[in-house]
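Single-structure report; data block below.
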Amino acid sequence: MSFWKTIAATLGGAPSAWKGAKDARAYAIGDVHGRLDLLDDLLTQIENDLARRPVPRAFIVFLGDLIDRGPQSCEVIDRLANFSHPYAKCVVLMGNHEEILLRVMAAEPGLLTDWMRFGGAECVASYGVDPAGLSRLDEKAGAALLRQHIPARHLAFLESFGDTFKFGDYLFVHAGIRPGVAMEDQVQRDLRWIRGPFLDDVKTHGCLVVHGHTIVEAVEERSNRIAIDTGAVYSGVLTALVVEGAERHYLATGPQKQDEMPPAASGSENASLLRVAVSL
């Protein structure tokens with residue numbers, strides 16, 4: 001039995017026609033990666049939607065990877081740590097990038113240099129830390145420096161993140177699940193990191209899995225999963241899946257001009273490697 005954290009909403013619906021939880025709406029948001037501008041835009045759209053179409057219960061679910069690569073990781077964490085809405089509960093799931101930050105903060109050997117190459121440099125810069133200077137430190141000294149700059153309340157917020165959110169027939173998770181493994185036996189590494197075995201599997205999972213983690217050029221709907229990481233940090237498109245009953249639709253920010261986009265970190269994924277959307 002694993003120790004992964006689950007946040008559950010009321011079950012409902014039938015496997016033959018995926019449905020959300022009864023009398024409720026969910027907004028699932030893909031990987032933000034330090035783009036406060038896009039986050040603010042999408043939250044405004046969600047708040048306007050709730051004002052136009054009230055619902056008894058609403059959930060705003062972030063699928064993880066709030067930080068790294070983009071220029072405003074600190075501001076994104078601060079925004080969501082203080083976020084509240086009178087009619088919607090905010091649920092935040094753990095992405096692999098948040099996991100790595102917490103492991104770096106624990107001075108785990110061998111992580112600091114790699115993290116800096118894959119988005120950590122932009123993250124620490126947003127907290128006022130010089131990335132080049134941090135890279136020259138060992139793990140313990142680096143963790144100590146970060147603790148001087150990253151507020152304790154931010155770390156407590158990150159540590160509070162769950163791993164899954166069940167909403168009727170839908171399962172929200174950062175990366176995916178291990179096919180053929182019972183939900184109670186899923187492990188955190190798969191929930192936060194898995195790609196190929198999950199993405200290539202075509203069998204039903206007993207629920208419709210909604211995930212981020214792997215960039216898609218456009219929302220990718222398949223018979224057993226929906227991918228909504230539309231590469232916001234590169235494309236300017238941050239996507240939210242809206243689920244209510246048997247209906248679903250999408251909200252999204254508009255693409256930005258290339259010269260307005262933040263530069264990609266050295267060693268990060270290239271926008272040209274976006275997965276092409278396929279419907280099955």
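Values quoted throughout were computed directly from the atomic coordinates according to the rules given, and no laboratory measurement underlies them. If you're wondering where the values come from, they're calculated on a predicted model, not measured in any experiment. Counting neighbours? That spans all protein chains shown, and the Cβs are built from the backbone with ideal geometry, glycine included.
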> By how many degrees, 0 to 90 and rounded to 10, does the Cα axis of helix 36-52 deviate from the longest principal axis of the chain?
Replying inline: 30 degrees
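What area, in nm² and to one decimal, does the C-alpha convex hull of the range 53-162 cast on average over all directions? Intermediate results must be reported in sequence, preceding the final value.
Working: hull surface 28.4 nm².
For the Cα atoms of the range 53-162, the hull's average projected area reads 7.1 nm².
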> What is the antiparallel percent of DSSP beta bridges lying wholly in the chain, to the nearest 5?
Replying inline: 50 percent
> Taking the structure as given and computing semi-axes √(5λ) of the Cα gyration tensor in Å, which label from (1) 41, 21, 17; (2) 33, 23, 19; (3) 30, 20, 19 fits?
Replying inline: (3)
>> So for the chain, if I pair up every lysine 8 or more residues apart or on another chain, how many of those pairs have alpha-carbons under 27 Å apart?
In response: 13
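Relative to the Cα centre, what is the charge dipole magnitude of the chain, using +1 at the beta carbon of each Lys and Arg, -1 at the beta carbon of each Asp and Glu, and rounding to the nearest 20 debye?
620 debye
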> Taking 0.36 nm per residue of separation and subtracting the Cα-Cα distance, what length does fully extending Leu145 through Met183 add?
Replying inline: 9.8 nm
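With a 10 Å Cβ neighbour count serving as the proxy for reagent exposure, in which order, fewest first, do Trp18, Trp115 appear?
Fewest to most other Cβ atoms nearby, the residues stand as Trp18, Trp115.
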>> Counting other beta carbons within 10 Å of each residue's own, what order do His85, His213, His154 fall into, fewest first?
In response: His85, His154, His213
> Can you tell which of Leu199, Gly20, Thr113 lies farthest toward the positive end of the dipole of the chain, using +1 and -1 charges on the Cβ of basic and acidic side chains (Lys, Arg; Asp, Glu)?
Replying inline: Gly20
> Using only helices, what value at 222 nm comes out for the chain when you add -39,500 (n - 2.57) per DSSP H run of length 4 or more and divide by the total residues, to the nearest 500 deg cm²/dmol?
Replying inline: -8000 deg cm²/dmol
> Relative to the longest principal axis of the chain, what angle (0 to 90°, nearest 10) does the C-alpha long axis of helix 139-149 take?
Replying inline: 70 degrees
> Counting pairs of alpha carbon atoms under 8 Å apart in space and at least six apart in sequence, what relative contact order in percent does the chain give?
Replying inline: 26 percent
> What's the exposure ranking of Ser73, Ser160, going from fewest to most Cβ atoms within 10 Å?
Replying inline: Ser160, Ser73
> Quick one: if you stick a label point 7 Å off each Cα along the C-beta vector at Arg57 and Ser84, how many nm between them?
Replying inline: 2.0 nm
